[in-house]
Amino acid sequence: MVRLIKRAAVALLLLAGSGIWVLRQPYKGFQHDVVLEIPRGERTRGIARRLEEAGVVRSQWLLVAARLYKPNAKLQAGEYLFHDAASPLTVIDRLARGDVRYHELAVPEGSNIFDIARSASQLGFFTADDFLKAAYDTSAIRDLAPNAPTLEGYLFPSTYRLTRGTTARQLVKLMTDQFRATWKQVQPGHRNAHEVVTLASLVEKETGIAAERARVASVFRNRLRRSMALQCDPTTIYAAMLEGRWSGKIHRSDLANVHAYNTYQHTGLPPGPIANPGRAALEAALHPEESSYLYFVAKPGTSREHRFSATLAEHERAVAEYRRGNQSSHQAKPVRSVSRRTASGRG
C-alpha cells in the first residue's frame, strides 16, 4: 500500500512538472500585433476565450490552467498589446500586473486648453468638449489660485501616458498634479500662484528663446509698474479664441475688442493665463531680469530673437530696421512687438 502511494505521488509530480513545462512554452498564433480590450468584470474563462480567438494562447484551457498558479491575483481590465510569442504563464502574469497599453500625449509648452483638448480628443478616449468641461472646473487648484477662471495655466506641459480608460477629469488631475509638483520646486511656500502663472503664460507665448524669457518678463514688469498697457498680441488672440472668432490673423477689430483678456484695451495683467507655461517661463516670471526695457520687437530674419528698447524712439528705430530687413529679404511678416500698436503706427 505504501509502495502504491509512493508511485502515485511520483506520477503526480511528473504530471505537474509536465504541465508547468507546457504552460511555459511560448506561442504566437497571429501575424500582426494584437490589441485586445479586456472589459471590466470579465471572468477568467471569458478572457481565455478572447485570447485563444486572437491567437495569443494555443488553447483557452492552457490559460485557465495557468490561472491556477496565481489563484489570488486579480486579472486587470484594460487594453493590452501583444506582439511577441508568450507562454500562458507570461500572459497571466501580464494580466495580473495590469501591464496595459499606454498612449502618449505630448503637451508642448505654451499650449492652451483648446490645443490640449484637440490633441487629447484625437486619442479617441473622450471628446474635446469633455476635456474643456473638466478644464473649467477649478477645484483642483483653488487653494493655489482661488481667482482662476479656468485651469488654463495649470495644466503643466509634459508627456503623459494614458490608457484607453483614462477620462478627461483623470487627465486634468494628472496635469494639475504635475503643476503642483513643479510649483513646489520653483516657489516653495504658499504664495498665490495666479499672477505669476498669468505673467509666465505671456512670456511663454512671446518668446521661444530660453535666454530671452527673463528679459521679456522684465518688460512686462516694467510696464505694469508704470501702469502702461502690456499690448501683448497673444492676449488679443486669446480673447478672439474665447469668443470663437479667431481667424489666424490679428485684425484692427481684434485690437479694438474690449474683451477683458485684450491687453490693448485694459491695463494690468489679463484675468488669467492665456496658455500653459513650462518651468523656465515660471522661473522667468518669478525672477525677471533687472532692466529698463519697455519695448521689444522681432529682429529681421528667421532667428526668432527680439530687440529690446528702453525708449519709444529706440523702439521705433528697431521697428524700422525690422521692416527694412524683411523687405530686403522678401520676408515681410506682421510686426511682433511690445507695443505693437505704436510699432504699427496705430497709436
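A short reminder: the numbers here are calculations on the coordinates, not readings from a lab. Every value quoted in this text rests on a predicted model; they were computed, and no experiment measured them. Positions of Cβ are generated from backbone atoms using ideal geometry, with glycine treated the same way; all protein chains shown enter the neighbour counts.
Based on the Cβ-Cβ distance of K173 and H266, what FRET efficiency does E = 1/(1 + (r/R0)^6) give at R0 = 25 Å, to the nearest 0.05?
For K173 and H266, the calculated efficiency is 0.15.
What percent of all Cα-Cα pairs in the chain falls into each 20 Å bin, going from 0 up to the bin containing the maximum distance?
Per 20 Å bin, starting at zero, the Cα-Cα P(r) for the chain comes out as 25, 38, 22, 12, 3, 0 percent.
Note down the nm distance, to one decimal, between modelled labels 7 Å out along Cα→Cβ at D99 and at A280.
Once both label points are built, they end up 3.8 nm from each other.
Work the Kirkwood hydrodynamic radius out for segment 54-203: mean of 1/r over every pair of different alpha-carbon atoms, inverted, in Å.
Taking every pair of different Cα atoms in segment 54-203, averaging 1/r and inverting gives 17.9 Å.
When every alpha-carbon pair in segment 103-186 is counted, what percent end up more than 16 Å apart?
46
Take every Cα-Cα distance within segment 22-97, group them into 5 Å bins from 0 onward, and report for each bin the whole-number percent of pairs it holds.
3, 18, 32, 30, 14, 3, 0
Starting from the Kirkwood radius over alpha-carbon pairs of segment 103-145, derive D by Stokes-Einstein at 4 °C in a medium of 1.567 mPa s and give it in µm² s⁻¹.
115
How high is the FRET efficiency from E314 to T163, r the C-beta distance, R0 56 Å, rounded to 0.05?
0.55
Any chance you could give the angle, 0 to 90 degrees and rounded to 10, that helix 88-97 forms with the longest Cα principal axis of the chain?
Helix 88-97 and the main axis of the chain meet at about 40 degrees.
With the dipole of the chain worked out from charges on the C-beta (+1 for Lys and Arg, -1 for Asp and Glu) around the Cα centre, which of A200, Y136, L89 lies farthest toward the positive end?
Farthest towards the positive end: L89.
Counting other C-beta atoms within 10 Å, which of W183, W246, W21 has the fewest, and how do the rest follow? Write out the running numbers ahead of the final one.
Values: W183 21, W246 16, W21 9.
The most exposed by this proxy come first: W21, W246, W183.
Could you tell me how many degrees, from 0 to 90 and to the nearest 10, lie between the Cα long axis of helix 2-23 and the main elongation axis, the longest principal axis, of the Cα atoms of the chain?
30
With everything on Cα atoms, drop me the angle between helix 194-206 and the longest principal axis of the chain, reported from 0 to 90° to the nearest 10.
The answer is roughly 80 degrees.
Return the subset of K74/K173; K184/K205; K173/K205; K28/K70 for which the Cα-Cα distance in this structure is over 28 Å, preserving the input order.
Distance filter (> 28 Å) returns an empty set.
Distance in nm between label sites at R226 and R191, each 7 Å beyond Cα in the beta-carbon direction?
Placing both labels 7 Å along Cα→Cβ, they lie 2.4 nm apart.
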